[in-house]
């Protein structure tokens, strides 16, 4: 818990990850408590509600069990609702039954096709470029910080600055600084004005779905 709090205070994703392996012990404690107290057994709730209505000292334990159950439900219900809704959970199986799109990202299909022309290179926008290393490319900044990579906050800031600035001089300087060979953009993340400004036909190497890969040197000309 101390490491997790320190990670939050220092905005360090690395420290914040360390306690994740220990979450199972909190889950086990909650599960054992819920079992021992009969929080998930409907038959126990008849007596518990009756005790609450009677009041007195005996009602304290029943009240505590009720509050604990309410807290569990508060955190559990959103998780249950997310299972059929989120593409990375069960939406892929449930959506076809309801005649709705599964909203899968299809990273393998789109990024695989898009990055075919390159062997290794540097690609921009942290969110869009996050899957790129899985397909042989390199990136300037990652969504989640990694071990043994210096200057990650600065890299993330520079990657965002490239797409937010109106200065061509700043953009060219950033490309030069990181020796970026490639630029990748997702048109769904750009307004029409940004698309007109950032997507330059002379630099386009390949397209796949909403993704566009451009040669950085040709783009900067």
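Quick note: the coordinates plus some simple rules give every number you see, no bench work behind them. Everything numeric here is computed off the predicted structure, so don't read it as measured data. All Cβ positions, even for glycine, are placed from backbone atoms using ideal geometry, and neighbour counts span all protein chains on display.
Run through all the Cα pairs of the chain and give the fraction in each 5 Å bin from 0, expressed as whole percent.
Distribution as computed: 1, 6, 10, 12, 11, 11, 10, 10, 8, 6, 5, 4, 3, 2, 1, 0, 0 percent.
Let me check against my output: what whole-number percent is the relative contact order of the stretch 2-98, with C-alpha pairs under 8 Å and at least 6 apart?
11 percent
Enter the per residue convex hull volume of the stretch 107-220, computed from alpha-carbon coordinates, in Å³ rounded to the nearest integer. Don't skip to the answer; put the middle values down first.
Numbers: hull volume 11.2 nm³, N = 114.
It is 98 Å³ per residue.
Could you calculate the contour length gain from residue 75 to residue 93, that is, 0.36 nm times the residue separation minus the distance between their Cα atoms, to one decimal place in nm?
4.1 nm
Using 0.36 nm per residue of separation minus the Cα-Cα distance, give me the extension gain between residue 67 and residue 127 in nm, one decimal. Walk me through the numbers before you get to the answer.
Values: separation 60, 0.36 × 60 = 21.60 nm, distance 3.95 nm.
Gain in length upon complete extension: 17.6 nm.
Expressed as cubic angstrom per residue, what is the convex hull volume of the alpha carbon set of the stretch 1-121?
Numbers: hull volume 23.4 nm³, N = 121.
Spread over its residues, the Cα hull of the stretch 1-121 gives 194 Å³ apiece.
How would you order 53-62, 151-160 from highest to lowest mean count of nearby Cβ atoms within 10 Å? Intermediate results must be reported in sequence, preceding the final value.
On the way: 53-62: 11.5, 151-160: 14.9.
Peptide ranking by packing, descending: 151-160, 53-62.
Using the alpha-carbon atoms, what tilt in degrees (0 to 90, nearest 10) does helix 42-54 show relative to the longest principal axis of the chain?
The angle comes out at about 60 degrees.
Test of understanding: what is the full-extension gain from residue 108 to residue 153, defined as 0.36 nm times their sequence separation minus their Cα-Cα distance? Don't jump to the answer; show the numbers that get you there.
On the way: separation 45, 0.36 × 45 = 16.20 nm, distance 2.79 nm.
Extending this stretch completely gives an extra 13.4 nm.
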